[in-house]
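This report refers to the structure that appears directly beneath it.
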Amino acid sequence: MRRPLVIVLVALVTPVTLVAQADSAPAPDRVAQLVARLDLERYKATIKGLTAFGDRRQGTDRNRAALDWIEAQLRSYGCGGVARLRYEYQPTSPAGPRPARDTTHASGGGRYRGIRARTGVNGDSLKQPDARVRALDAQPSTAGAREEVYCTKIGTTHADEMYIVGGHMDGIGWGEAANDDGSGTALVMELARVFSSADVHTDRSIRFVLWNNEETGLNGSRAYVEQRRALQGSKQEPKWLGMIQHDMMLFDHGMPRADGTLAATQRPEADVNIEFQASAKFAAEAQELAWAFERANEKYATDYPASVGSHMTNTDSAPFQDYVPAISLRENERGTQIGSGWDPNWHQPTDLYATYNDADFRLGLNAAQTTLAALAGLTGATLK
Ligand SMILES: [Zn+2]
């Protein structure tokens, strides 16, 4: 008796299935449509716009002018609730002799391996050969009042919950801070543009923040955490769901060679490094968030893969890591790779827009695709 029953079922099911396929396929992939709104030339133009303000060092007129320019861009994208966080910055010099630098353990908990080249911050104006850039970066920093700008995509069903997406707009080193962190700032601005489009809706909110004073010790992001952490759940501050930081997105030319030099071009196996901090209070949740970003990269990033690591450090997501799942995206791992001299332009006069080519800029674009796709999924983005 079994066989006739099977035949009947097949006869009933088959035509319906065929009709359903004809009606619904191909379902448009909303996330892919959103990701397609990112564009290499636009991303480059935003980085170029930031470099017009030189290194944007905190506490200078060029930093304040850059802040005004960023705010004007966010408004032009239609990003909601543009506002500024205000805080005081007073540099402190450590009392007593400086502790000896630990050269065996990488910052963030990783292990150094292979060849290492020297790193440091350039403080010598004469190392900048371009007189125009030297003049642009000439004004020294003055202690005092500071501001940083943010705007928010308001969610339609859970406006009171948000992801925070950041990059730092200040730089140092007598260059143009094109990579550190023009590349991360431009990424955040491009995402603000795409999500602020009138036909894009998200269930949950997204706050786009351009931190100031990162280079002096994460003072801008710390100020945000101090001022707003306790306000979560009130009318003034949605509940934080996660914090995603972007810092130095362009350059992955590999490990230094034995003579300390680096490859002139992006290595073909370049990747986006997604890091969480294994010692954070929210390490398990942050790791889960990191893998969600890795999956988004697998599906939607056009050129470069992502790698997940556990040593997030020295970046604006750190002040958040014990309160909320926090991750960072970067061209290399911060502790073991950047710390080993994998980016020779880091805090140097060579961090100029002209230093990078399309293979470099494309790594930053792939990081933007990764974060945009992951956020679209996490916030329930739809296109109308
Ligand atoms: Zn940076």
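By average Cβ neighbour count within 10 Å, what is the ranking of 28-36, 153-161 from highest down? Present the calculation step by step, with values, prior to reporting the outcome.
Numbers: 28-36: 15.6, 153-161: 17.1.
Averaged packing, sorted descending, gives the order 153-161, 28-36.
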Legend entry - Three-way shape label, the chain, alpha-carbon gyration tensor, a/c 1.5: prolate
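Rounded to the nearest 20 debye, what is the charge dipole size of the range 292-374 about its Cα centre when +1 sits on each Lys and Arg Cβ and -1 on each Asp and Glu Cβ?
Details: 5 positive and 11 negative charges, 35 e Å.
Computed charge dipole of the range 292-374: roughly 160 debye.
Tell me the net charge near residue 221. Cut-off is 9 Å between Cβ atoms, residue 221 excluded, with +1 for each Lys or Arg and -1 for each Asp or Glu.
Working: positive: 222; negative: 148, 214, 316.
Here the charged neighbours net out to -2.
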Legend entry - Selection from 216, 156, 312 lying farthest towards where the dipole of the chain points positive, charges on Cβ: 156
Inset, instruction - Could you pull out every one of the lysines with an alpha carbon less than 20 Å from that of residue 153, ignoring same-chain neighbours closer than 8 positions? - result: 235, 239, 384
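Between residue 65 and residue 115, what FRET efficiency comes out of the Förster formula 1/(1 + (r/R0)^6) with R0 = 45 Å and r the beta carbon distance, rounded to 0.05? Show your work: numbers first, answer last.
Numbers: r = 40 Å, r/R0 = 0.89.
E between residue 115 and residue 65, to the nearest 0.05, is 0.65.
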Inset, instruction - Note the full-extension length gain between residue 36 and residue 259 as 0.36 nm times their separation in residues minus their Cα-Cα distance, in nm to one decimal. - result: 76.1 nm
Inset, instruction - Enumerate the calculated ³J(HN,Hα) couplings along the range 315-327 in order (Karplus 6.51 cos²θ - 1.76 cosθ + 1.60, θ = phi - 60°), each rounded to whole Hz, writing x wherever the residue is Gly or Pro. - result: 7, 5, 7, 4, x, 8, 5, 9, 10, 6, x, 10, 9
Legend entry - Label-point gap, in nm, between residue 298 and residue 203 - each point 7 angstrom along Cα→Cβ: 2.2 nm
Inset, instruction - Using a/c under 1.5 as the rounded threshold, could you call the range 163-305 rounded, prolate or oblate? The axes a ≥ b ≥ c are square roots of the C-alpha gyration tensor eigenvalues, and prolate needs a/b larger than b/c, oblate otherwise. - result: prolate
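Where in the chain are the DSSP H helices whose C-alpha atoms run 30 Å or more along the long axis and whose mean Kyte hydropathy is at least 1.0?
Numbers: long enough: 2-24 (33 Å, 1.26).
Membrane-span-like by this rule: 2-24.
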Inset, instruction - Rank these by accessible area, largest first, 1.4 Å probe: 44, 299, 384, 235. - result: 235, 384, 299, 44
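Need the full-extension length gain, residue 95 to residue 231, defined as separation in residues times 0.36 nm minus the C-alpha distance. One decimal, nm. Walk me through the numbers on the way to the answer.
Numbers: separation 136, 0.36 × 136 = 48.96 nm, distance 3.41 nm.
Roughly 45.6 nm would be gained on extension.
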Legend entry - Inter-label distance, nm, simple model (7 Å from Cα along the C-beta direction), residue 127/residue 239: 4.8 nm
Legend entry - Accessible area (Å², per residue) of the chain, counting only protein heavy atoms and a probe of 1.4 Å: 45 Å²
Inset, instruction - Calculate the dipole size of the chain relative to its Cα centre from +1 charges on Lys and Arg beta carbons and -1 charges on Asp and Glu beta carbons; express the result in debye to the nearest 20. - result: 500 debye
Legend entry - Segment residue 105-residue 84, length gained on full extension (0.36 nm per residue, minus Cα span): 3.8 nm
Legend entry - Prolate/oblate/rounded label for the range 60-157 (Cα gyration tensor, a/c 1.5): prolate
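Counting only other residues whose beta carbon sits under 12 Å from that of residue 78, what net charge do I get with K and R as +1, D and E as -1?
Details: positive: 75, 153, 193; negative: 199.
Counting the neighbours of residue 78, the net charge comes to +2.
For the chain, give the percent of accessible area contributed by carbon and sulfur heavy atoms, probe 1.4 Å, rounded to a whole number.
Values: 9420 of 17360 Å².
The C+S portion of the solvent-accessible surface of the chain is 54 percent.
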Inset, instruction - Take every DSSP beta bridge with both residues inside the range 259-384 and express the antiparallel ones as a percent of the total, to the nearest 5. - result: 50 percent
Legend entry - Dipole axis of the chain (+1 Lys, Arg; -1 Asp, Glu on Cβ), positive-most option in 258, 376, 191: 376
Legend entry - Estimated inter-spin distance, residue 281 and residue 267, nm [label 7 Å along Cα→Cβ]: 3.7 nm
Inset, instruction - Quick one: which residues, 5+ away or cross-chain, put their amide H under 5 Å from the amide H of residue 156? H built at 1.01 Å from N. - result: 202, 203, 204
Inset, instruction - Grab the DSSP H runs of the chain that are 4 residues or longer, score each as -39,500 (n - 2.57), total them, divide by all residues and round the 222 nm result to the nearest 500 deg cm²/dmol. - result: -10500 deg cm²/dmol
Inset, instruction - Report the local net charge at residue 311: Lys and Arg +1, Asp and Glu -1, summed over other residues whose C-beta lies under 12 Å from its C-beta. - result: +1
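The values are calculated or read from the model by the stated rules, or taken from the named source; none is laboratory data. A quick note: this is a predicted structure, and the numbers were derived from the prediction, not measured. Note that each Cβ is placed from the backbone with ideal geometry, even for glycine, and that neighbours are counted across all protein chains shown. Surface areas here come from the heavy atoms of the whole protein model, side chains and all, with no ligands, DNA or RNA. Shrake-Rupley method; radii C 1.70, N 1.55, O 1.52, S 1.80 Å.
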